[in-house]
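Report on the structure given below.
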Amino acid sequence: MKMRVFQRIILGFVLLLFGAGIYYFLLPGINSPKSQDRSDLGYGTDAVRGEILEILEEGEIQMGEVVQNYQILRVKLLEGEYQGVEMTVDYGKRQLRPEGLNLKPGDKVVLALGRDLDNMIQARFLDYVRTGPLLILFGTFVLFSVVISGWKGVRSLLAMGVSIGVIIFYIIPQILQGGDPVLISVSGSFFLLTVTLYLVYGWTIKTHAAVLGILTSLILTALLANYFVNLTRLTGFGSEEALFLIQQSEGSINMQGLVLGGMLIGALGVLDDLVITQASVVFELHNLNPEMLVKDLYKRAMRVGQDHVAATVNTLVLAYAGAALPMFLLFSISGARIEHLLNLEYVAEEVVRTMVGSLGLISAVPLTTILASLIVKKQSSFGPLRKYLGPMTMNDDHHHHHN
């Protein structure tokens, strides 16, 4: 056992080194041509990174009703056309600044470069560079995943990479080009979940059952979402981000569809968990008692499923409530009445999203359970196809040395 943990730790470190290598050697190559036109970062100006050399002055200043600390910094620019130039930057003398973010020499910051009225270059403090600490956190995450789950951990990390990749390189660009966000989200989600399921659970009959379950419940969720978005007349212009998006893009984005796509992607993570659990339960029950009839398999697996769904819906509601917490606080301060609030688009949007997501999940359970029960009982009738479908589950064949 000790040996195994040791192997996993080494595996984790190898992965980390590999990741670091990609980060340092490949990414600069990918990013460098683009780093000249940094201006489209949404900051509206050229955003560049700088390093603080020294604090020239610090003290307190009265800003309206607020007394806040300020710092005057000497900063050396680390990139862009003025790389290596040193500038004086004011932090907190002219703009409100968050409490507790005191800077010190050696800190890296993001600066906005612009010209003042005399056409002199000026740097404005935008934010603290957080990539370092974030990378450390990510490294810790990778290491833990691998040490705790071994090869399964590696597979789930790969799966996570695939998910992020599909969202960044398929779903987002397609929607920006004005495609139908629902179709894109459904196809993207299906591809993403299928790849992740096969990566994590292998090419087995159990995984096939889960994938079929996911496909049917995604389609059902999309239809439900579509119906209710139209019924509640959500336009997709509810949030500030949406309005900002419209200004930034050429206006070809189907905002209503975007709301829908968001609903689908939001329900995804939980969907994959529910579906694989149901498939697992059915296959385990079948292993215990191969004589069990389809309807008994279904009845028993559904008992587990019902408990799981109850917990999951709660998870979803809590997740959305957590995300909407600042909004809740605003409402309780404003003292508005509930029925008025429900009519506001961005509130209605959250309600519809939670409900539709939950409906999709609730329907996924019986759908997957019945599919898995049928597949497990009827697999002998697949005939010549059967040998291409892989073992029943991961543990049925030569996978023992992996797990």
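The values are calculated or read from the model by the stated rules, or taken from the named source; none is laboratory data. Fair warning: this is a prediction, and the values are worked out from it, not measured in the lab. Here Cβ is always computed from backbone atoms with ideal geometry, including for glycine, and neighbour counts include all displayed protein chains. Ligands, DNA and RNA are excluded from the accessible area calculation, which covers all protein heavy atoms including side chains. Shrake-Rupley method; radii C 1.70, N 1.55, O 1.52, S 1.80 Å.
Counting only residues at least eight positions apart within a chain, or on another chain, the lysines with an alpha carbon under 29 Å from that of LYS93 are LYS76, LYS104, LYS108.
Once Rh for region 310-350 is found with the Kirkwood sum over Cα pairs, what is the Stokes-Einstein diffusion coefficient at 25 °C and 0.890 mPa s, in µm²/s?
Details: Rh = 11.1 Å.
Taking Rh from Cα pairs, D becomes 221 µm²/s.
Compared with the dominant principal axis of the Cα atoms in the chain, helix 294-323 is inclined by about 10°. Using the Cα centre of the chain as origin and beta-carbon charges of +1 (Lys, Arg) and -1 (Asp, Glu), tell me which of LEU77, ILE338, GLY50 is placed farthest towards the positive end of the dipole. Selected residue: ILE338. Legend: residue pairs LYS206/LYS378; LYS299/LYS377; LYS299/LYS387; LYS206/LYS387, Cα-Cα distance threshold 25 Å; pairs beyond threshold, LYS299/LYS387.
When you filter the trypsin sites (Lys or Arg not before Pro) in region 302-386 for DSSP loop state and at most 16 other Cβ atoms inside 10 Å of their Cβ, you are left with ARG337.
Peptides 157-169, 190-202, ordered by how many other C-beta atoms sit within 10 Å of their residues on average, highest first, read 190-202, 157-169. Recomputing log10 I(q)/I(0) by the Debye sum over Cα atoms at q = 0.10 Å⁻¹ from the coordinates shown identifies the correct label among [x] -0.64; [y] -0.93; [z] -0.75 as [y].
Axis angle, to the nearest 10 degrees, between helix 181-201 and the longest C-alpha principal axis of the chain: 70 degrees. Across all C-alpha atoms in region 43-115, the radius of gyration and Dmax reach 12.7, 39 Å.
Give the carbon-plus-sulfur fraction of the accessible surface of the chain in %, rounded to a whole number; probe 1.4 Å, heavy atoms of protein chains only.
Working: 15100 of 23410 Å².
Solvent-exposed carbon and sulfur of the chain make up 65 percent of the total.
Region 358-384 and region 145-168 have Cα centres spaced 26 Å apart.
The Rg/Rh ratio of region 95-161, with Rg taken over Cα atoms and Rh as the Kirkwood radius over Cα pairs, comes to 1.26.
The magnitude of the dipole of region 255-403, with charges of +1 and -1 set on the Cβ of Lys/Arg and Asp/Glu and taken from the Cα centre, is near 480 debye. For the chain, the longest principal axis of the C-alpha atoms and the axis of helix 205-231 are separated by about 60°. Accessible area per residue for the chain is 58 Å², calculated with a 1.4 Å probe on protein heavy atoms, without ligands, DNA or RNA.
For region 181-288, what is one quarter of the convex hull surface built on the Cα atoms, given in nm²?
Numbers: hull surface 31.2 nm².
Taking the Cα atoms of region 181-288, their convex hull projects to 7.8 nm² on average.
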